[in-house]
Structures are given as C-alpha cells and as structure tokens.
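The values are calculated or read from the model by the stated rules, or taken from the named source; none is laboratory data. No experiment lies behind these values; they were computed from the predicted model shown. Neighbour counts run over all protein chains shown; Cβ positions are idealised from the backbone, glycine included.
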Amino acid sequence: MPVRRIALLGATGSIGRQALDVVERNPELELCALASGSADLTELARVHGVAHVQVGGDLTELLEAARPDVVLNAVVGFAGVGATLWALEHGVTLALANKESLVAAGELALAARERGGGLLLPVDSEHSALHQCLEGRARDSVHSLVLTASGGPFRGRTRGQLEDVTAEEALAHPTWSMGPKITIDSATLANKGLELIEAHFLFGIPYDAIEIVLQPTSVVHSLVRFRDGAALAHLGYPDMSVPISYALTYPERAATEVPQLDLAAGVTLEFLAPDLDTFPLLALAREAGEAGGTFPAVFNAANEVAVAAFLEGRLPFLAIAEVVDDALAAADGSPARDLADLVEADAGARRLAERGVPVA
Ligand SMILES: NC(=O)c1ccc[n+]([C@@H]2O[C@H](COP(=O)([O-])OP(=O)(O)OC[C@H]3O[C@@H](n4cnc5c(N)ncnc54)[C@H](OP(=O)(O)O)[C@@H]3O)[C@@H](O)[C@H]2O)c1
C-alpha cells in the first residue's frame with residue numbers, strides 16, 4: 001500500500017488516541033495534520049513530526065494547508081461538519097467517526113460526495129460492520145439493515161428508576177469505553193437514533209428498512225438481511241481499533257492487536273427489542289429522520305445542548321429527551337441549501353434547546 005497521509009481531527013479524544021495507535025502500527029500510514037478543540041498539541045505534533053496543527057477554529061483551513069489523502073474526522077459534535085463536507089467535496093477519503101456531521105448535514109454531504117467522488121468509510125463500529133456486510137452486494141438483494149445496540153448502562157430500567165440518575169452512573173458504559181458525549185448518548189439511546197440517521201444517509205436505505213435491536217454483549221456489531229432470507233452479521237470483541245484500522249487501511253485490512261473471538265469459551269448472543277417508552281430519543285430520532293430537511297440537524301443540536309447540560313448537572317437525565325422533543329416541535333425543519341443555512345438551523349435549534357435548560 002502506498003503511504004497515506006492522514007489528517008487526524010479530534011486527535012486528543014477517545015477515537016483520536018486509538019487512531020494514533022493504529023497509525024503507529026502501520027508504517028504506510030503517516031500523520032500530516034492534527035486538530036483538537038482546546039487541548040495543546042505541541043508534544044503530539046513533535047512526537048509524530050506533524051507540521052500542520054490546529055486547536056479550535058475552522059478545520060477546513062488546516063485541511064487546505066495539509067492536503068491529506070485521508071481525513072479521519074473524530075471531532076465530537078456539529079463542530080465536525082465543515083471537515084466532513086470539505087473531504088467529500090474534494091474527493092478525499094473520509095474516515096468518519098463524527099456521526100453528528102452526517103446526521104445534521106446528510107443531504108449536503110451526499111451531494112458533496114456525488115461531486116467529489118471520493119470514498120466515505122464509516123468508523124462507527126455498526127456502520128463499519130454494515131459496510132463490510134454490504135460490500136459487493138447488489139442493492140436490490142438487500143432486504144433491510146439491523147443496527148445493534150448494547151442498551152447502555154440503564155438497559156432494563158423503568159422511567160421511575162431513571163429520575164435521579166447521575167452523570168457518573170450514565171458514564172459507566174457496560175461494553176464500550178468512549179468519550180463523554182457518546183457515552184451519555186448510549187445511555188439515552190440517542191446514539192442509536194443518530195446511527196439510524198447515519199445509516200440511512202450512508203447506505204441509502206429507507207428508515208422503515210432499518211431495525212434496531214439490543215445485543216447486550218456488543219459482539220454482533222450489526223447485520224444485513226437479504227431478500228433470500230439470509231442475514232450476514234459482523235462479529236468481534238467491542239474494540240474501536242478494528243473499525244479505525246479498517247477505515248485507514250481499506251481495502252487491505254491490516255492486522256490489529258485485537259484478539260480473535262474465543263467462541264468455544266462461550267459468547268452470549270442474546271437479542272432484545274429496545275424499550276422505546278423508557279428511551280424516547282430513539283423514536284424521536286426516527287421521526288426527525290423521516291421528516292427530513294433540517295429536522296435531523298435540530299435533533300442533533302438540541303441533543304448536544306441537553307447532554308452538555310446533563311453532564312454539568314443542570315438537567316435531569318429524563319429531561320434530555322424532553323428538551324429535544326420541544327426543540328423538534330418548535331422547529332420548521334426547512335431544508336438547508338448550503339452550509340450557511342445549516343449552521344443557522346443548528347444555531348436556532350441550540351437557542352430553542354437552551355430555553356428548556358435551567359441556567360447554572
Ligand atoms: N469513542 C468511541 O468509541 C466512538 C465510537 C463510535 C463513534 N464515535 C464518534 O466519534 C466522535 C468522537 O468521539 P470521542 O468519543 O472520541 O470523543 P471525545 O473523546 O470527547 O473526543 C473529542 C475530540 O474532538 C475534539 N474537538 C472538540 N471540539 C472540537 C473542535 N471545535 N475542533 C476540533 N476538534 C474538536 C476534542 O479536542 P479536545 O481534547 O481539545 O477537547 C477531542 O480531540 C464522536 O462523533 C462520536 O460519536 C466515537
């Protein structure tokens with residue numbers, strides 16, 4: 001494989017740090033740019049010999065200067081949207097962890113990909129799994145997608161049992177070790193809602209052909225059902241090194257340090273239906289996705305505001321869904337023609353959501 005120059009955006013985060021390990025293991029991967037939100041990158045840039053570094057600000061300036069072969073977008077939240085659109089527009093391979101950008105900017109992103117003609121490789125483990133199960137299959141042979149969810153730390157609880165849960169409890173994810181925002185999203189099932197919309201845009205599959213099931217051990221990363229009655233699943237221990245490595249070394253599939261599944265030692269493959277009454281954000285995401293326009297962007301923005309408030313102790317756990325529901329009800333969902341429209345819709349949804357959040 002010829003050397004690939006990688007721009008790692010969100011280098012100091014959970015995905016970013018694991019990506020650094022993957023790069024170190026593979027001599028054909030070379031870092032050419034690093035970005036963070038506020039963390040100092042001087043030492044990281046020195047160790048990896050990276051010339052293009054940016055802390056906060058407009059990520060497209062960094063990408064213009066560095067001209068990478070691959071953008072690994074591991075920024076958290078809507079802040080990653082400019083980089084996603086830049087990579088797609090320029091036909092630069094996009095390894096996408098930042099699902100929020102695809103959720104918020106789905107239509108714009110698909111149009112940019114069409115123009116740019118580059119690769120869009122998901123890093124989310126479920127979508128990486130789906131990408132692999134779908135590869136080489138005729139689209140009309142696909143019956144539906146099945147996205148799996150662990151169910152998070154509160155699986156099996158009632159609404160009454162969730163009234164007083166703290167950020168610390170919500171941050172204790174049973175199977176994945178991730179950054180704080182996605183961990184809270186996993187506890188509310190908003191993460192699976194975002195992934196539902198992400199899958200719709202990535203694979204062009206209608207919402208009513210994307211099912212969500214709980215798979216508590218997170219060993220089955222997702223499945224594709226085919227029209228002949230067969231279902232292909234992707235299995236492995238829950239470790240993000242695998243989808244990160246897959247996206248960065250595609251289509252070669254480099255070796256990782258992740259152990260092979262020890263099937264004979266016992267692997268539990270239980271599947272359950274999600275509890276949509278206790279975790280309403282999943283149904284709200286589906287409604288927002290089906291409504292289209294900027295409704296997914298509103299869902300995302302309101303959720304970001306509510307999750308930040310919950311992490312700061314300003315909002316109860318169950319109110320996260322209420323804030324998102326109210327913001328969606330107040331939004332007009334008009335389509336975004338360009339990034340400026342989308343940024344405006346995002347900002348408007350944040351203002352709506354803030355109204356529902358007590359001031360500190
Ligand atoms: N963690 C996982 O296992 C996992 C799995 C699947 C998908 N994802 C997705 O991957 C993305 C990253 O998740 P994470 O868990 O790695 O989050 P994280 O640990 O919170 O890290 C977020 C990264 O984004 C950077 N960042 C924040 N705002 C920025 C901005 N305005 N400009 C540039 N960089 C910015 C942060 O920099 P600072 O350190 O300076 O704040 C940090 O490096 C999310 O979209 C998440 O949904 C994560």
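If you check Val267, Val305, which single one turns out to be among the hydrophobic types (A, V, I, L, M, F, W, C) and not in a loop (DSSP other than H, G, I, E, B)?
Val305
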Any residue at all in the range 77-98 that's acidic (Asp, Glu), more than 9 Å from the ligand (Cβ to nearest atom) and either out of contact with any Gly (no Cβ under 8 Å at 6 or more places or on another chain) or modelled with pLDDT under 95 (or both)?
no
Residue pairs within 6 Å by beta carbon, gap of at least six or interchain, first lying in the range 243-255 and under 16 Å from Glu30 (Cα atoms) and of a type in the set (Gly, Ala, Ser), second in a loop (DSSP other than H, G, I, E, B) and at pLDDT 95 or above, listed first then second, are Ser245/Ala254; Ser245/Thr256; Ala247/Val123; Ala254/Asn26
Index of the failed condition, Pro206 passing every other in (1) on the phi > 0 side of the Ramachandran plot; (2) free of Cβ contacts under 8 Å to residues at least 12 places away in the same chain:
(1)
Being within 14 Å of the ligand (Cβ to nearest atom) and more than 23 Å from Ser245 (Cβ to Cβ) is the filter here; which residues of the range 60-76 pass it?
Thr60, Glu61, Leu62
Among the charged types (D, E, K, R) and within 13 Å of the ligand (Cβ to nearest atom), is that true of Arg17?
yes
What's the number of the only condition in (1) surrounded by 14 or more Cβ atoms within 10 Å (Cβ to Cβ); (2) within 30 Å of Arg5 (Cβ to Cβ); (3) away from the ligand (no atom under 16 Å from the Cβ) that Asp275 fails to meet?
(2)
Output the number of residues of the range 20-57 satisfying the condition of being more than 9 Å from the ligand (Cβ to nearest atom), within 23 Å of the chain's Cα centre (by Cα) and not in a strand (DSSP E or B).
4
Considering (1) more than 10 Å from the ligand (Cβ to nearest atom); (2) crowded, with 18+ Cβ neighbours inside 10 Å; (3) touching a residue at least 40 places away in the same chain (Cβ under 8 Å); (4) closer than 28 Å to Phe299 by Cα, say which one Leu119 fails and leave the rest.
(2)
Pairs, first within 8 Å of the ligand (Cβ to nearest atom) in the range 181-192, second polar (S, T, N, Q) and in a helix (DSSP H, G or I), C-beta under 7 Å, six or more apart:
Ile182/Asn191; Asp185/Asn191
Only one of Phe271, Phe299, Phe279, Phe295 is more than 20 Å from the chain's Cα centre (by Cα), aromatic (Phe, Trp, Tyr) and closer than 24 Å to Ala149 by Cα, namely Phe271
In the range 219-244, what residues are part of a loop (DSSP other than H, G, I, E, B) and of a type in the set (D, E, K, R)?
Arg227, Asp228, Asp239
For the range 210-241, name all the residues that are more than 14 Å from Thr148 (Cα to Cα), of a type in the set (Gly, Ala, Ser) and touching a residue at least 40 places away in the same chain (Cβ under 8 Å).
Ser241
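Mind counting the residues in the range 77-112 that are part of a loop (DSSP other than H, G, I, E, B) and of a type in the set (A, V, I, L, M, F, W, C)?
Within the range 77-112, the subset part of a loop (DSSP other than H, G, I, E, B) is 77, 90-92, 97-98, 105.
Now drop any that are not of a type in the set (A, V, I, L, M, F, W, C), which leaves 92, 97, 105.
Count: 3.
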